[in-house]
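These notes are about the structure you will find just below.
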Amino acid sequence: MAPSFIRQSRLYLDNAATSFPKPPEVLAAMVHYAEHIGGSAGRGGYAEARASAAVLQTCRERLNTLFNGENPNHFIFTLNCSDALNLAIQGWLRPGDHAICSAMDHNSVLRPLNELVRRGVITQTRVAADPATGWIDPDTIRRAIGPRTRLIALAQASNVTGTLQPIREIGRIARQADVAFLVDAAQSAGHVPIDVRAEPIDFLACAGHKGLLGPLGTGCLYIRPGLEQRLRSVRQGGTGSVSERDTQPDFMPDRFESGSHNAIGIAGLSAGVAWLLEQGVAAIARHERELCGLFIEAVGAAPGLRFLGPPGPDGRVGVFSLRIDGFGPRVLAAHLEEDFGILTRSGLHCAPGAHRTAGTDQAPPGAAADDVGTTRLSFGPFNTLQDIQFAADAVVKLAGRQIPSPPAIPAPV
Ligand SMILES: Cc1ncc(COP(=O)(O)O)c(C=O)c1O
């Protein structure tokens, strides 16, 4: 993928946290908004407020095209992926319901579900994944469905192992059982093609600031037409519409979008999605698969090195969690930054069950007791084969070192 941005002197490999860099069009769209639009959508009849509304609508249309949705107004703007997941989980589940998630899920699925369990509202089943690959067998989902099951919530791609789950098959199982299917696409949207009709998906939660290449503070929730009246809003307030009424509008998207929008962020998100549409997500997926293949081959023979998830470039995204004998994950991340300028993330990555599944939830032998988890390298569309070769060489060099001397280590996160 030809990068069209100013080259960074450091190598950012933490795209699973948030993507960086963004296409230059993203910043240009935000600057244009700040300099020439400025108004707030639905909060005035003047041209600038109308222009703001048009920015939002264009972004919805682009999201609808990207995911093959039925109606742009069924893409609800949220603060991030956690916010989208909370709307779907809290808005959908009712007292007495049963929900299914997996051990591979992120805390942004686990915590909202656990909170409902703690309040006695719902029960849940957390299905296990294969310890070697992180893969979830659709049959385990099928077996977990009971008469009260109303929601299956799953991350399509693990933010720890990179494993892609069999979403299409699970979606069909959900549809047959008349159970809503919520896909957490934080690590898959923009990295692999997603078709909400073919998969089939009822709710799709996305981070705008990761693979969709928008700025921090953006996200969205797709709601399958027909479900919106059964999804409760979790936040009510001003929408700029039907202001004579003091109750929440019931039409889309206002039913779920209260308060002034992050319109400048959405302007950037819209440009990020336009860039994806232009490049084609299938082409990005092919590029990232090539990066994965190179990385796997290049670190293959490194002594004492293990990475989690699928062993080959298929069935995964470019998220690699590493352990190297003799290094605590935090120490390894600090060496990668200080010795090579490579930016990674160590720890449990807000997904403790994924680490328990892989056996990496405890500190490795010889490491400080709180130096748990792995060191994660995550790729983005602007990474080149040279970048990934450089990172793999750095990892191999560190693996060859007998006794690592720890550099100054930042506090655990
Ligand atoms: C799998 C997964 N789900 C949800 C989230 C939450 O995303 P956000 O930070 O946009 O709320 C993340 C963030 O890393 C993630 O990796």
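The values are calculated or read from the model by the stated rules, or taken from the named source; none is laboratory data. The model shown is predicted, which means the values in this text are computed figures rather than measured ones. Cβ placement follows ideal geometry from the backbone for every residue including glycine, while neighbour counts extend to all protein chains displayed. In case anyone asks, the SASA skips ligands and DNA or RNA and just uses the protein heavy atoms, side chains included. Shrake-Rupley method; radii C 1.70, N 1.55, O 1.52, S 1.80 Å.
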Original post:
If you scan the range 12-63, which residues turn out to be open to solvent by 40 Å² or more (accessible area, probe 1.4 Å), in a helix (DSSP H, G or I), farther than 30 Å from GLU337 by Cβ and not hydrophobic (A, V, I, L, M, F, W, C)?
Top reply: HIS32, GLU35, HIS36, GLU48, ARG50, GLN57, THR58, GLU61, ARG62
Subject >> the range 123-144, subset open to solvent by 10 Å² or more (accessible area, probe 1.4 Å) and assigned to a loop (DSSP other than H, G, I, E, B), residue nearest to ALA157 (Cα to Cα) >> reply: TRP135
Original post:
Are any residues in the range 165-206 within 14 Å of the ligand (Cβ to nearest atom), touching a Gly at 6+ places or on another chain (Cβ under 6 Å) and either open to solvent by 10 Å² or more (accessible area, probe 1.4 Å) or assigned to a helix (DSSP H, G or I) (or both), and if so, which ones?
Top reply: HIS191
Subject >> Checklist (1) surrounded by 24 or more Cβ atoms within 10 Å (Cβ to Cβ); (2) assigned to a loop (DSSP other than H, G, I, E, B); (3) near the ligand (Cβ under 10 Å from one of its atoms) applied to GLY217, failing item >> reply: (1)
